[in-house]
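Below is one structure, written out as structure tokens, with a few remarks after it.
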Amino acid sequence: MTRRIEQGVERGSRITIFVDGAPVAAFAGETLATALIASGRIAFRRDGRAALRGLFCNMGTCSECFVQTAVPGRAPRRLRACLTPVADGMAIETGAGPDG
Ligand code: FES
């Protein structure tokens, strides 16, 4: 399901990111948060008490939107989804599971 405005909008080139192993359509120039929300995902991670967390301030101050990179052979890094531009082939893990 897409939640994007379709008419009267210009976007960058279409790319694919991987969220919890699943391919997700994104467009160059948008943030991870935009791609996640547009794909219907509202939970970006779980906190220490396993509660779902997601987009809150959308300007890099609250840290609610952290996601983990998931690049084979590399240590995971935490990124703020609201500040991180998508890149083709980027892989992240939310840990949100079916609830997210
Ligand atoms: S939503 Fe607050 S830092 Fe990203």
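Considered as a group, the residues in segment 25-84 that are more than 22 Å from GLU10 (Cα to Cα) and of a type in the set (Val, Ile, Thr) include one that is nearest to the chain's Cα centre (by Cα), and that residue is VAL67.
Screening ALA28 against (1) surrounded by 14 or more Cβ atoms within 10 Å (Cβ to Cβ); (2) closer than 19 Å to ALA87 by Cα; (3) touching a strand residue (DSSP E or B) at 6+ places or on another chain (Cβ under 9 Å) leaves a single unmet condition, (1).
Working carefully through the options PRO72, PRO85, find the one that is away from the ligand (no atom under 16 Å from the Cβ) and open to solvent by 70 Å² or more (accessible area, probe 1.4 Å). None of the other options fit; the residue is PRO72.
The set of residues in segment 32-62 that are within 15 Å of the ligand (Cβ to nearest atom) and either open to solvent by less than 30 Å² (accessible area, probe 1.4 Å) or touching a Ser or Thr at 6+ places or on another chain (Cβ under 6 Å) (or both) comprises LEU32, ALA33, ALA35, LEU36, ALA43, PHE44, ARG45, GLY54, GLY60.
Would you confirm whether any residue within segment 40-62 is part of a loop (DSSP other than H, G, I, E, B), within 17 Å of MET90 (Cβ to Cβ) and free of Cβ contacts under 8 Å to residues at least 40 places away in the same chain?
Within segment 40-62 (the criterion being part of a loop (DSSP other than H, G, I, E, B), within 17 Å of MET90 (Cβ to Cβ) and free of Cβ contacts under 8 Å to residues at least 40 places away in the same chain), the answer is no, since none of the residues qualifies.
The values are calculated or read from the model by the stated rules, or taken from the named source; none is laboratory data. Predicted, not measured: the structure shown is a model, and the values here were computed from it. A quick note on method: Cβ atoms are made from the backbone with ideal geometry, for glycine too, and the neighbour counts reach across all protein chains shown. Side chains included, ligands, DNA and RNA excluded: accessible areas come from the protein's heavy atoms. Shrake-Rupley method; radii C 1.70, N 1.55, O 1.52, S 1.80 Å.
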